[in-house]
Amino acid sequence: MDFELSKEQLMVKKMVKEFADEVIQPRAIEIDKEAKFPVDIFEQMGELGLLGIPFPEEYGGAGADTLSYALAVEEIGRVCGSTGLSYAAAVSLGASPIYYFGTEEQKQNYLVPLAKGEALASFGLTEPNAGSDAGGTQTTAVEDGDDYVINGEKCFITNAGYAKFLIVTAITGKNEKGQNAISSIIVPADTKGITISSDYDKMGVRGSDTAEIVLNDVRVPKENLLGEAHKGFNQFLHTLDGGRISIAALGLGIAQGSLDRALSYAKERKQFGKPISSFQAIQFKLADMAMEVELARNMVHKAAWLKDNNKPFGKEAAYAKLYATETAFRNANQAIQIHGGYGYMREYEVERYLRDAKLLEIGEGTSEIQRMVIARQLGC
Amino acid sequence: MNIYVLLKRTFDTEEKIDVSNGRIEDESAEFIINPYDEYAVEEAINQRDAHGGEVTVVTVGDEESEKQLRTALAMGADKAVLINTEDDLEDGDQYTTAKILHAFFAEKEADLILAGNVAIDEASGQVGPRLAEALGIPFVTTITSLKIEDNTVTIEKDVEGDVEIVETSLPLLVTCQQGLNEPRYPSLPGIMKAKKKPLEELEIDDLDLEEDDVEQKTKTIDIYLPPEKEAGRVLEGDVDEQVKELVSLLKNEKKVL
């Protein structure tokens, strides 16, 4: 057993930490306040190869592992939840499905620019009536000659307003049991009939682009089918399993950021003539926060390690996502409490952590869905 | 062009440092590439990209220094050399390091050697100049600009805030000052490629040196942290009164005027 990170993993963590502290942190308040997607930061992340971390070199990636990717998401999440979420979604939901399921030609056409950071893609799964029950998808793709004609509506799609193409799930027929069969189709974002609007006024992760997509008689060639027809359901379950590790890493980053800020404030803030960190009430909070951060980190790293070693990781990814994101919420909340009145102010940044953390308990499978995934693995 | 960079692993002075028994606790310190050496690495890569050749990063250190060398390789250096003194030397000073480097460079044909202006730990700024003296090549310290055309080198040198322009020739040693460039972050592909780049490990034995040859010339009496900063004092009243009070405090209490 070995708990040490490799030299490369340490270097990735250090590089991303420095980038996050020097480039993203000074912009974090503005990104949240103005709810503006930081395009220039994503360009720089692309140049550094961050958007292609877990993909092989032949597809424009860095050929690093899932654990390195999780370290990068954590370090970015530690300073800015918005940037962290858009980053995690770009890699895990935008690029990964093409890597997992795409043909060689699709990988060359679509994955390469994503991994190089030259373009973003979005994963269009959620619909107004299909959230946790993604099987309830209503969007349809009907074969017409050499094309699919797609009609439907997608909501809460991360990065879609800045995406060059979308992976859209749609009903393409019935399976042998007579249920709707779903397929994933790659749709260039500028295809006629697509309307993308990013009008949501969100509680948190405000600088991460979230869009609604309306597809009205959108026509794409059949070769845009991602992987096999009717396999969409399994595809997105697999994609979301991997995505959970990145959302867990993001939660871990917010939890760590909350702890860092709370600890440094507690050491400086004096009441009754002493730093408040000398009071047991504050010490117990900080001790719990530090412990939970470390527990979350162990679970995130284990899930990533299992994935890197081609072992089943679904249950562990659910543990990690559930625990790390709930830890993020608890830690952000305690960080505000430790900051007192100042914590309620935007300037001290911990209130943003709480707003950002809340999304992580909902997106890419709610906490309740994670518990269902775990229970199922237990044989319930 | 054969470009060499002298690099030092040092603790990060922006992180917490614990001192006990006149030694810095390695366990609690964070270690980094000496920031001034980062300018040297960046400049070496830029000069190589402009003029061709190869960048070799050299450090005198221990096993742990490999991390900093790998980081320099990830930034874009081509080769690294670790002169590991862990088993041979208890301690060393600027003389020791310069002596070892001199032995290393004796067999090399270096066109350009770049070092940091100072290392942020001991801040002597001596290793570069001592090495250049020993090698009998010109050196320019605290440079903020380096232009090489054929064999003519034009340098801007920081002189306490002013700029001095120096013209010299290769081979040459320079020490790098803040403002020379903006060191890059190692990219992800760079980090992954770094593990495949050559990293040679030498001991002083391989350089035909004995322990006695490099024995330090100085003795460290004590190492201690600066006194903790005391709380500041905020003057009150209107600006005129504040200025008067400040002047009187500087004159009478602090006796600096």
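The values are calculated or read from the model by the stated rules, or taken from the named source; none is laboratory data. Not measured: the values here are computed from a predicted model. Note: ideal-geometry Cβ built from the backbone for every residue, glycine included; neighbour counts use all protein chains shown.
Among the numbered conditions (1) within 14 Å of another protein chain (Cβ to nearest Cβ); (2) among the charged types (D, E, K, R); (3) under 30 Å from A:Q108 (Cβ atoms), the only one that A:E4 does not meet is (3).
Taking the criterion of being more than 9 Å from chain B (Cβ to nearest Cβ), surrounded by fewer than 18 Cβ atoms within 10 Å (Cβ to Cβ), of a type outside the set (V, I, T) and touching a residue at least 60 places away in the same chain (Cβ under 8 Å), the residues of region A:36-68 that qualify are A:K36, A:E43. Taking region A:114-156, which residues are more than 12 Å from A:V187 (Cα to Cα), touching an Asp or Glu at 6+ places or on another chain (Cβ under 7 Å) and β-branched (V, I, T)? Listed by number, the residues that qualify are A:T137, A:T139.
Taking the stated definitions as given, is A:F19 surrounded by fewer than 23 Cβ atoms within 10 Å (Cβ to Cβ), away from chain B (no Cβ under 13 Å), among the aromatic types (F, W, Y) and in contact (Cβ under 8 Å) with a residue 24 or more places away in the chain? Don't jump to the end; show me each part of the working.
Details: surrounded by fewer than 23 Cβ atoms within 10 Å (Cβ to Cβ): yes; away from chain B (no Cβ under 13 Å): no; among the aromatic types (F, W, Y): yes; in contact (Cβ under 8 Å) with a residue 24 or more places away in the chain: yes.
No: the conditions fail for A:F19.
Restricting region B:44-64 to residues that are in a strand (DSSP E or B) and more than 16 Å from the chain's Cα centre (by Cα), which is farthest from the other protein chains (Cβ to nearest Cβ)?
Residues of region B:44-64 in a strand (DSSP E or B): B:54-61.
Still in the running and more than 16 Å from the chain's Cα centre (by Cα): B:54-55.
Values: B:E54: 22, B:V55: 18 Å.
Filtering region B:44-64 for residues that are in a strand (DSSP E or B) and more than 16 Å from the chain's Cα centre (by Cα), the one farthest from the other protein chains (Cβ to nearest Cβ) comes out as B:E54.
So, of the residues in region A:229-283 that are of a type in the set (S, T, Y) and modelled with pLDDT of 95 or more, which turns out to be nearest to the chain's Cα centre (by Cα)? Give the steps one after another, and end with the answer.
Going residue by residue through region A:229-283, those that are of a type in the set (S, T, Y) are A:239, A:246, A:258, A:264-265, A:277-278.
Narrowing the set further to residues that are modelled with pLDDT of 95 or more leaves A:246, A:258, A:264-265, A:277-278.
Numbers: A:S246: 5, A:S258: 19, A:S264: 28, A:Y265: 29, A:S277: 34, A:S278: 37 Å.
The qualifying residue nearest to the chain's Cα centre (by Cα) is A:S246.
Put simply, of B:A72, B:A119, B:A98 the only residue that is farther than 30 Å from B:P226 by Cα and not polar (S, T, N, Q) is B:A72.
For region A:345-375, the set of residues classified as crowded, with 21+ Cβ neighbours inside 10 Å and of a type in the set (F, W, Y) consists of A:Y353 only. Listed by first and then second residue, the pairs with beta-carbon distance under 7 Å, at least 6 apart or on different chains, first residue in region A:187-200 and under 14 Å from A:A35 (Cα atoms) and of a type outside the set (D, E, K, R), second modelled with pLDDT of 95 or more and outside any loop (DSSP other than H, G, I, E, B), are A:S198/A:G161; A:S198/A:T210; A:S198/A:A211; A:Y200/A:T210. Scan region B:65-74 and give yes if some residue there is more than 14 Å from every other protein chain (Cβ to nearest Cβ) and either more than 26 Å from B:G136 (Cα to Cα) or touching a residue at least 60 places away in the same chain (Cβ under 8 Å) (or both), otherwise no. Scanning region B:65-74 turns up no residue that is more than 14 Å from every other protein chain (Cβ to nearest Cβ) and either more than 26 Å from B:G136 (Cα to Cα) or touching a residue at least 60 places away in the same chain (Cβ under 8 Å) (or both).
Selection within region B:174-188: residues that are surrounded by fewer than 24 Cβ atoms within 10 Å (Cβ to Cβ) and among the polar types (S, T, N, Q). The member of this set that is nearest to B:N117 (Cα to Cα) is B:Q177.
Here B:I223 does not fit the description of being in contact with an Asp or Glu (Cβ under 6 Å, 6 or more places away or on another chain), among the β-branched types (V, I, T) and either more than 14 Å from chain A (Cβ to nearest Cβ) or within 30 Å of B:V55 (Cβ to Cβ) (or both).
Suppose we filter A:L85, A:L10, A:L71 for residues that are at pLDDT 95 or above, within 14 Å of chain B (Cβ to nearest Cβ) and assigned to a helix (DSSP H, G or I); which single one remains? Steps first, answer last, please.
Working: A:L85 fails: within 14 Å of chain B (Cβ to nearest Cβ); A:L10 fails: at pLDDT 95 or above.
Among A:L85, A:L10, A:L71, only A:L71 is at pLDDT 95 or above, within 14 Å of chain B (Cβ to nearest Cβ) and assigned to a helix (DSSP H, G or I).
Taking the listed residues A:A304, A:A262, A:A320, A:A328, the one that is touching a Gly at 6+ places or on another chain (Cβ under 7 Å), crowded, with 17+ Cβ neighbours inside 10 Å and among the small types (G, A, S) is A:A328, with no other qualifying. Here A:F55 does not fit the description of being of a type outside the set (A, V, I, L, M), under 30 Å from A:D201 (Cβ atoms) and touching a Phe, Trp or Tyr at 6+ places or on another chain (Cβ under 6 Å). Close contacts from region B:174-194, counting a first residue that is more than 7 Å from chain A (Cβ to nearest Cβ) and a second that is of a type in the set (G, A, S), with Cβ to Cβ under 6 Å and a gap of 6+ residues or different chains, come to B:T175/B:A115; B:T175/B:G128; B:C176/B:A40; B:C176/B:G116; B:G190/B:A74; B:A194/B:A74.
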